[in-house]
Amino acid sequence: MNWPEDMLGIVLAVALGAVIGLERELGAKAAGLRTNVLICLGAALFTIISREIAADGGSSPSRIAAQIVTGVGFLGAGAIIQDRGGVHGLTTAATIWLVASIGMACGAGFYALAAVVSAVGIAVLLGLGKLAKPLERRTKKRRLETPADDPD
């Protein structure tokens, strides 16, 4: 076990999960600061454990990684809500999935990759979020103007 490297991965996972979680928290989203930090931290820890098990002659590290992806997909699915107004929580679910991948990168020692992906994720959440609001209003207005029996 490489304690300094593993601790760097853990600390970086907490920091990067917190940055994304803070953006979600400030937006009053269901999965906020604590949730994103815990998902990122957990994914990093599982990845470190997986790497250590494989180093000791255990099973392939990809087996645990695959289960992280599956488990986080289940969490994300729980964040999606469908009602008569549409589907809500897709961005939250995608953020949960992204934060888990960032945690896995931290646990695997891919620190630069984790940092770059986090920066791009924040840019998407902040930048495209501002662009999406006017587009949503325009799309909603168009839906209200289109008759229900119109096939287009």
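Here are the numbers:
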{"item": "Net charge of neighbours whose Cβ lies under 15 Å from the Cβ of Gly32, counting Lys and Arg as +1 and Asp and Glu as -1", "result": "+1"}
{"item": "Estimated 222 nm signal from helices in the chain, with DSSP H stretches of n ≥ 4 weighted -39500 (n - 2.57), rounded to 500", "result": "-26000 deg cm²/dmol"}
{"item": "Ser62/Ala30 FRET efficiency (R0 35 Å; Cβ-Cβ; nearest 0.05)", "result": "0.70"}
{"item": "³J(HN,Hα) computed for each position of region 73-82 - Karplus, 6.51 cos²θ - 1.76 cosθ + 1.60, integer Hz, glycine/proline x", "result": "x, 5, 4, x, 4, x, 8, 8, 10, 10"}
{"item": "Cut-off 10 Å between beta-carbons: net charge of the residues surrounding Thr91, Lys and Arg +1, Asp and Glu -1", "result": "+2"}
{"item": "Lys, Arg +1 and Asp, Glu -1 on Cβ, resulting dipole of region 3-145 about Cα centre, debye, nearest 20", "result": "1060"}
{"item": "Vicinal HN-Hα couplings computed from phi for region 93-106 (Karplus, 6.51 cos²θ - 1.76 cosθ + 1.60; Hz; Gly/Pro x)", "result": "4, 5, 5, 4, 5, 4, 5, 5, 5, 5, x, 5, 4, 4"}
{"item": "Fewest-first ranking of Ser60, Ser50, using other Cβ atoms within 10 Å as the exposure measure", "result": "Ser60, Ser50"}
{"item": "Residues Ile102, Ile96, Ile49 arranged by fewest to most Cβ contacts within 10 Å", "result": "Ile49, Ile96, Ile102"}
{"item": "Three-way shape call for region 3-145 based on the alpha-carbon gyration tensor, with the a/c threshold at 1.5", "result": "prolate"}
{"item": "Sorted by Cβ neighbour density within 10 Å, fewest at the top, the residues Leu41, Leu126", "result": "Leu126, Leu41"}
{"item": "Inter-probe distance in nm under a simple model that places probes 7 Å from Cα toward Cβ, at Ala55 and Ala132", "result": "3.9"}
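Every number in this text was worked out from the coordinates using simple rules, so none of it is lab data. As the structure is a computational prediction, the values presented were derived from the model and not from experiment. Note that we place each Cβ from the backbone using ideal geometry, even for glycine, and neighbour counts take in every protein chain shown.
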